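Each reported figure results from applying straightforward, stated rules to the coordinates on display, with no laboratory input. Bear in mind that the values here come from a model prediction, so they are computed numbers and not experimental data. Cβ placement follows ideal geometry from the backbone for every residue including glycine, while neighbour counts extend to all protein chains displayed.
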Ligand code: GAL
C-alpha cells in the first residue's frame with residue numbers, strides 16, 4: 001500500500017520551469033528579509049499591499065484578469081493557500097492541472113509584477129473541505145491531526161517537501177515571485193487542546209520550515225513559534241499592534257487576514273462588510289505602524305465540485321473587493337484610492353520608525369510621518385459616532401469610525417467617504433430562451449439498483465458513512481425494516497447522525513432534515529447530532545430508507561469539539577421509532593447510480609431520458625438534463641436555480657458545486673455584530689451558481705441531481721452586468 005506515485009503535471013511543467021539554480025543547495029539569501037519595521041526585498045523596506053486569491057476557486061482563464069485588476073487597484077502582492085486535499089486526492093496521485101496549476105498561477109502573478117505569499121499549511125482552514133487536508137488521512141492507522149503524532153508528521157513532511165521542491169524555482173532567491181511562506185495556520189485556536197504535545201508539534205513545524213532551505217522568511221498567523229514571523233488575523237489589527245510589538249520587538253507588523261467580509265453557510269444570510277470599514281481598518285493599521293496587509297479574501301471565487309467545507313455555500317464571494325466572478329466592486333475602487341496614497345507615500349512611511357500616537361480625544365488619535373518635503377498625517381476616530389476635534393489649531397470633523405489622510409495638511413482621503421464614481425451595482429439578469437431541452441431520469445432507491453453496481457454492506461449496527469464512502473461521494477443510503485403495531489403518529493429519531501437525511505418509508509418520500517443547521521455543532525453526543533422527524537405510519541412492517549447527504553467535511557477541531565480525525569457522517573449511532581431502538585440488520589449502500597455511471601458526463605448517453613412533465617417536477621431523486629446554446633451576451637454567467645431545492649450541478653461534465661435553496665432563516669454570529677451585516681434574510685442563501693466561461697461550449701449540458709423536487713423548466717442562464725444606480 002502507498003508506494004505507487006502518479007503525477008499529473010500541466011504540459012508546460014517540464015523542463016522550462018526548472019530555472020538555473022534549482023536543486024543546488026541554497027544559502028539563506030538576502031533577497032527577502034525583515035527588520036522590526038517591514039519586510040525587506042533586496043534590502044529595501046517594502047509596504048506589502050496583498051490580496052488573497054485562491055487559485056482553485058477560479059479558472060486559469062480568469063487569472064490574468066484577476067491579476068491585472070489587482071495590480072491596477074494598487075496591490076503589489078497576491079497571497080494564496082495551497083490545497084493539499086485537491087492536489088493529492090488519492091494518496092500518491094498528484095494533480096497540478098487546470099485550476100490546480102499553482103505554478104502557473106504564481107507565474108501569472110509574476111507577469112503582472114506581483115509578489116506571492118504562499119501559505120502552504122498544509123492545514124489551511126479556509127472553509128475548504130477538511131481544512132485543506134486530504135480525507136484519506138483518516139484511514140492512516142493511529143492518526144491524530146495537527147499534534148505531535150508520527151503518522152501525521154510523516155505525511156505532512158512528505159507532502160511539504162514535495163510541494164516545496166516543485167515550487168522552488170519560483171522562490172524569490174531563485175528569481176521567482178514568492179517572498180514569504182507559511183506553515184500551519186492559526187494554531188492558537190487549538191493550542192489549549194493539545195497542551196505540551198501541541199507545542200512540541202509546533203517546534204517540529206518550525207524545524208521542518210528551517211530544513212526546507214526556502215531562503216525566504218516564514219510567517220505563521222496567530223500562534224507562531226521561534227523561527228517564524230508572528231502575524232495577525234481579524235477585522236481590525238491596530239488594536240493588536242501594541243501587544244504584538246511588545247512580544248515581537250524585532251518583527252514587522254504584518255496582517256495576514258484582513259477579513260473583507262465573511263463566508264456564507266446554507267441557511268444563513270449573506271454577509272456584508274462595508275467598504276468604509278475595510279478602508280478604515282487598513283488606514284488605521286498603517287497609521288499605527290503596520291507595514292503589511294493581506295485582504296482575506298481579495299477575490300473569494302467559487303467552491304467547485306465537492307470542495308466546500310461543511311455547510312459552506314458553493315459561492316465563496318466573501319463580499320470581497322473582486323466579486324465571485326472576478327468583477328470589480330465599490331470596495332475595490334474605494335480601496336484602490338487608498339492604496340494609491342499609501343503607495344505614493346510608502347517611502348515616507350517606511351523610512352520613519354512607527355509614529356507615536358498623539359491624542360485628540362478619548363477615542364481619537366493622530367499619527368504623523370514627516371520628511372523634509374512631506375508630511376502624511378492620519379487623523380483617526382475609533383468611536384462609532386462623528387466628532388469634532390482640534391488639529392493644528394483648527395477644528396476638524398471626524399466621521400464615525402474613520403481615518404482622514406492629510407498630505408501636507410490637506411485632505412487626501414477620507415475612509416468614510418466613497419466617491420460616487422466608485423460606486424458599482426450589479427444584478428443577475430436572465431438570458432431569454434437559451435435552454436432548448438429539459439429531460440429527466442430517476443435515481444432509484446438501493447433496492448432497485450442494477451446488480452452490477454450494488455455494493456451493499458449489511459451489519460447489525462449502522463456504519464459511519466466516511467468509512468464506506470471515503471468521501472468520494474456525498475451520498476450514502478441506510479435501510480432497515482421495522483414494525484408498528486397500530487396506525488401511529490410518532491417520532492423517528494436518528495441519534496448520532498450528520499448532515500442531511502431524506503427519509504423514505506416503503507419507497508415514498510416522507511421528510512427531510514429541517515434547516516438551518518449549526519456550523520459549530522459541539523460534541524458528537526450533543527443535540528446537534530440528533531435529528532427527529534414526525535411521521536404518521538399505518539400498522540405493519542415498514543422499510544425505512546434514509547438518503548444521507550454529507551454537506552462537506554469540517555475545517556477544524558472546534559466544529560466537532562474533537563480531533564479532526566474523528567469527523568463523521570451518516571448514521572453511526574442508532575435510529576428510534578418513538579422510544580424503541582430499531583434493531584438491525586442495517587444495509588448501507590454508498591453513492592448514487594447516476595454518479596457511478598456518470599449521468600452528467602459520458603454515461604448520460606446511455607440514459608433513457610424522459611421529456612419534462614409537471615408530475616416529474618415535484619418528485620424527489622431526479623436527474624435533470626438541460627441543454628443550452630453558448631450565450632452571446634457578455635459574461636460572466638451564472639445559473640439561477642431558484643426553482644430547485646437541493647442537490648448537485650454539473651456543466652458539461654464538470655461539477656460546479658452543491659446547490660441548496662434553503663432559506664436564510666439562521667441567526668447571524670453575535671461576535672461580528674456592528675462589523676458584518678446580514679443581507680437577504682429569508683431568501684435562499686445562494687440562488688445563482690457560477691458557470692465559468694472556460695467550461696462552456698457551443699452546445700452545453702447542465703445536469704442537476706435534485707434530491708427533493710423542483711421545476712427545472714424555470715431554471716435560467718443569467719449574466720451579472722453592472723446596472724444603473726438609481
Ligand atoms: C481564519 C482562517 C482562514 C479562514 C478565515 C475565515 O481564521 O485562518 O483560513 O478560515 O478565518 O474566512
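Details
- Antiparallel DSSP beta bridges within the chain, percent to nearest 5: 80
- The modelled label-to-label distance for the pair residue 371/residue 580, using points 7 Å beyond Cα in the direction of Cβ, is 8.4 nm.
- Pairwise centroid distance, computed over Cα atoms, of segment 248-274 with segment 312-345, Å: 13
- By definition, a body whose alpha carbon gyration tensor gives a ≥ b ≥ c is prolate when a/c is 1.5 or more and a/b is larger than b/c, and segment 257-324 fits this prolate description.
- Axis of helix 238-247 versus longest Cα principal axis of the chain: the two differ by about 70°, to the nearest ten degrees.
- For the pair segment 433-449 / segment 36-84, the C-alpha centres are spaced 43 Å from each other.
- Dimensionless Rg ratio for segment 3-351, taking C-alpha atoms and the 2.2 N^0.38 Å reference: 0.93
- Within the chain, all pairs of alpha-carbon atoms sorted by distance into 20 Å bins from zero give the percentages 16, 48, 30, 6, 0.
- Label-point separation in nm, residue 44 to residue 140, each point 7 Å along Cα→Cβ: 4.2
- Label zone at residue 543 (point 7 Å along Cα-to-Cβ), backbone N below 13 Å, segment 448-483: 448-450, 478-482
- Cα-based helix-to-principal-axis angle, 330-344 vs the chain, degrees rounded to 10: 30
- FRET efficiency estimate (nearest 0.05) - Cβ-Cβ, residue 246 to residue 419, R0 30 angstrom: 0.20
- Counting only DSSP beta bridges whose two residues both lie in segment 3-351, roughly 25 percent are antiparallel.
- Sorted by Cβ neighbour density within 10 Å, fewest at the top, the residues 449, 204: 204, 449
- Once the chain from residue 481 to residue 634 is taken as fully extended at 0.36 nm per residue, the excess over their C-alpha distance is 49.6 nm.
- Relative to the dominant Cα principal axis of the chain, helix 188-211 is inclined by about 70°.
- Gap separating the Cα centres of segment 160-235 and segment 122-156, nearest whole Å: 16
- Label-point separation in nm, residue 506 to residue 65, each point 7 Å along Cα→Cβ: 5.5
- Most tightly packed first, judged by the mean number of other beta-carbon atoms within 10 Å of their residues, the peptides 569-579, 427-437 read 569-579, 427-437.
- Segment 358-422: C-alpha gyration tensor shape, a/c 1.5 cut-off, then a/b vs b/c: oblate
- Prolate/oblate/rounded label for segment 446-591 (Cα gyration tensor, a/c 1.5): oblate
- Extended-chain gain in nm, criterion 0.36 nm per residue less alpha-carbon gap, residue 667 and residue 697: 6.7 nm
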